[in-house]
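Participant: Okay, here's the structure, questions in a sec.
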Amino acid sequence: MIAIVWEFQVREESVPAFQQAYGPAGDWADLFRQYPGYEGTTLLQDNIVKTRFLTIDHWKDIAHFNQMRQSSVREYSRLDDRCSELTMSERELGVFHAK
């Protein structure tokens, strides 16, 4: 299993919309759920800086994730463009393997 971790700085007024889009039942999870190998999403909110979030997307392996990216280019790009207005910054922290 792999976990892909992203950090987001969210616009204060956009926190509820961000949580809806990036949560385990949100828009990104809806997209990912259409592809084999997706194992769920975790959304974490910083305890002190309430506009800082981490997302952790769980996949069976990197091959399944890469297949989703190749197969969903248009949908992924459209969702990414729509959600970019919710954030001030985003940064991929890495792909981690469970041991």
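The values are calculated or read from the model by the stated rules, or taken from the named source; none is laboratory data. Note that the coordinates shown come from a computational prediction; the quantities given were computed from them, not determined experimentally. Using ideal geometry, Cβ is built from the backbone for each residue, glycine included, and neighbour counts are taken over all protein chains shown. When the accessible area is computed, the model is the full protein with side chains, heavy atoms only, and any ligands, DNA or RNA have been set aside. Shrake-Rupley method; radii C 1.70, N 1.55, O 1.52, S 1.80 Å.
Participant: Could you check, for the stretch 14-36, whether at least one of its residues is in contact with a helix residue (DSSP H, G or I) (Cβ under 6 Å, 6 or more places away or on another chain) and of a type in the set (S, T, N, Q)?
Facilitator: For the stretch 14-36, residues in contact with a helix residue (DSSP H, G or I) (Cβ under 6 Å, 6 or more places away or on another chain) and of a type in the set (S, T, N, Q): absent.
Participant: For the stretch 26-41, state whether one or more residues are touching a His at 6+ places or on another chain (Cβ under 7 Å), crowded, with 18+ Cβ neighbours inside 10 Å, assigned to a loop (DSSP other than H, G, I, E, B) and not β-branched (V, I, T).
Facilitator: Within the stretch 26-41 (the criterion being touching a His at 6+ places or on another chain (Cβ under 7 Å), crowded, with 18+ Cβ neighbours inside 10 Å, assigned to a loop (DSSP other than H, G, I, E, B) and not β-branched (V, I, T)), the answer is yes, since at least one residue qualifies.
Participant: Could you check, for the stretch 46-61, whether at least one of its residues is part of a helix (DSSP H, G or I) and of a type in the set (A, V, I, L, M)? If you could, list the steps in order and put the result at the bottom.
Facilitator: As a first pass, look at the stretch 46-61 and keep what is part of a helix (DSSP H, G or I): none.
Within the stretch 46-61, none of the residues are part of a helix (DSSP H, G or I) and of a type in the set (A, V, I, L, M).
Participant: Checking the structure you have, find out if any residue of the stretch 80-98 is at pLDDT below 95 and of a type in the set (G, A, S).
Facilitator: There is at least one residue in the stretch 80-98 that is at pLDDT below 95 and of a type in the set (G, A, S).
Quick grid of which residues meet (1) buried (at least 17 other Cβ atoms within 10 Å of the Cβ); (2) within 13 Å of the chain's Cα centre (by Cα); (3) among the small types (G, A, S):
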| position | (1), (2), (3) |
| --- | --- |
| Q20 | no, yes, no |
| G23 | no, yes, yes |
| I56 | no, yes, no |
| I62 | no, no, no |
| R74 | no, no, no |
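Participant: Looking at this structure, is V15 surrounded by fewer than 16 Cβ atoms within 10 Å (Cβ to Cβ), at pLDDT 95 or above and touching a Ser or Thr at 6+ places or on another chain (Cβ under 7 Å)? Walk me through it before giving the result.
Facilitator: Numbers: surrounded by fewer than 16 Cβ atoms within 10 Å (Cβ to Cβ): yes; at pLDDT 95 or above: yes; touching a Ser or Thr at 6+ places or on another chain (Cβ under 7 Å): yes.
So V15 fits the description; yes.
Participant: Looking at the stretch 2-13, is at least one residue touching an Asp or Glu at 6+ places or on another chain (Cβ under 8 Å) and free of Cβ contacts under 8 Å to residues at least 12 places away in the same chain?
Facilitator: no
Participant: So E75 fits all but one of (1) more than 15 Å from Q34 (Cβ to Cβ); (2) part of a helix (DSSP H, G or I); what number is the exception?
Facilitator: (1)
Participant: Which condition number in (1) part of a strand (DSSP E or B); (2) open to solvent by less than 60 Å² (accessible area, probe 1.4 Å); (3) among the aliphatic types (A, V, I, L, M) is the one that L93 fails?
Facilitator: (2) is the only condition that L93 fails.
Participant: Next question, about the same structure. Could you list all residues from the stretch 20-58 that are touching a residue at least 40 places away in the same chain (Cβ under 8 Å) and either closer than 17 Å to L86 by Cα or among the β-branched types (V, I, T) (or both)? Quick ask: steps written out before the conclusion?
Facilitator: Within the stretch 20-58, the subset touching a residue at least 40 places away in the same chain (Cβ under 8 Å) is 21-22, 27-28, 31, 51-58.
Matches in the stretch 20-58: A21, Y22, D27, W28, T51, R52, F53, L54, T55, I56.
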